[in-house]
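Below you'll find the structure, written out as structure tokens, and then a few comments.
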Amino acid sequence: MTEDWDDLDVDDFAAAIENFNRFYIRLPTTEQLPFTTLSVLDTLVVAEGPLRPTDLTRTEQISQPGLTQLIGRLERDGLVQRRPDPTDRRAVLVHLTEAGHTVMDSRHADRARQLAPLVEQLAPEDRRALAAALPALARLARLAGNRPRT
């Protein structure tokens, strides 16, 4: 799919993101956890606050029973905590604990340390192009996070 959006080829963009993501998610880190665990923790970090399990079911694309089991394991491991929803006492909210934040901060720091020497090998104009793209990528991620789930 090629649209004329200021010369942005969406197919090329998608391929570049997929290629980078394939490399990025495989960067070794000291925190070795299953992908679904990390995805739930990351979703809670990005949400900047607690979420209902039903919201996590949609974002993580796993069944309600599977998510309930995962939340139970994360709670047992001290990474999340379930608390009553103050707006609806029948519901619960999943909160990221300090230990959960520590895990995610550690993964981020590990990856940044590994990316730094690679970024240093780029030409100055490539580093400037990446820096210039950061705000647009952040906005794109926010838009993706706000879009209705199907």
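Regarding residue 32, is this residue open to solvent by 70 Å² or more (accessible area, probe 1.4 Å), on the phi < 0 side of the Ramachandran plot and assigned to a helix (DSSP H, G or I)?
Details: open to solvent by 70 Å² or more (accessible area, probe 1.4 Å): yes; on the phi < 0 side of the Ramachandran plot: yes; assigned to a helix (DSSP H, G or I): no.
Answer is no for this residue.
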Quiz item: Does residue 83 meet the test of being among the basic types (Lys, Arg), open to solvent by 80 Å² or more (accessible area, probe 1.4 Å), in contact with a strand residue (DSSP E or B) (Cβ under 8 Å, 6 or more places away or on another chain) and not in a helix (DSSP H, G or I)?
Solution: yes
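Checking the structure you have, find out if any residue of segment 92-99 is in a helix (DSSP H, G or I) and open to solvent by 60 Å² or more (accessible area, probe 1.4 Å). Show your work before the answer.
First pass over segment 92-99, keeping only residues in a helix (DSSP H, G or I): 98-99.
Checking the rest, the ones that are also open to solvent by 60 Å² or more (accessible area, probe 1.4 Å) come to 98.
Checking segment 92-99: at least one residue is in a helix (DSSP H, G or I) and open to solvent by 60 Å² or more (accessible area, probe 1.4 Å).
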Self-check item: Subset of segment 12-68 (residues that are β-branched (Val, Ile, Thr) and within 12 Å of the chain's Cα centre (by Cα))
Solution: 25, 36, 37, 40, 43, 45, 46, 59
Practice problem: State all residues of segment 119-138 that are over 20 Å from the mean Cα position of the chain (by Cα) and open to solvent by 80 Å² or more (accessible area, probe 1.4 Å); if no residue qualifies, say none. | Solution: 120, 121, 125, 127, 128
Quiz prompt | Filter result for residue 67 (surrounded by 15 or more Cβ atoms within 10 Å (Cβ to Cβ), of a type outside the set (D, E, K, R) and touching a strand residue (DSSP E or B) at 6+ places or on another chain (Cβ under 6 Å)) | solution = no
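The values are calculated or read from the model by the stated rules, or taken from the named source; none is laboratory data. The structure displayed is predicted, hence computed values, not measured ones. FYI the Cβ positions are ideal-geometry reconstructions off the backbone, even for glycines, and counts take in every protein chain you see. Please note that ligands, DNA and RNA were not included when accessible areas were found on the heavy atoms of the full protein model with its side chains. Shrake-Rupley method; radii C 1.70, N 1.55, O 1.52, S 1.80 Å.
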